[in-house]
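The values are calculated or read from the model by the stated rules, or taken from the named source; none is laboratory data. These numbers come from a predicted model, not from an experiment. Methodologically, a virtual Cβ is constructed for each residue, glycine included, from the backbone with ideal geometry; neighbour enumeration extends over all protein chains shown.
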Amino acid sequence: FKTILSEQNLALQENRKEIEDVDLAVAISDLAYINATYEATLKAVSTMSKTSILDYM
């Protein structure tokens, strides 16, 4: 049981280090890119759902 706790503690410390050492500018840029992609996908799906077979005739 003690070994499991030690392993979990080590994993948590590593995760914490990754979070604390993140490059803020890169993280913000990545988030903006992901958000723009998400918005574009929503718009495309919305446009496709409004199209019917009659639009092609």
- List every residue pair whose Cβ atoms sit under 9 Å apart, with the two residues 6 or more apart in sequence or on different chains, where the first one lies in the stretch 3-16 and is acidic (Asp, Glu) and the second, anywhere, is at pLDDT 95 or above and surrounded by 10 or more Cβ atoms within 10 Å (Cβ to Cβ). none
- Item | Top-ranked residue of the stretch 9-45 - restricted to ones that are of a type in the set (Asp, Glu) and part of a helix (DSSP H, G or I), ranked as surrounded by the most Cβ atoms within 10 Å (Cβ to Cβ) | Asp30
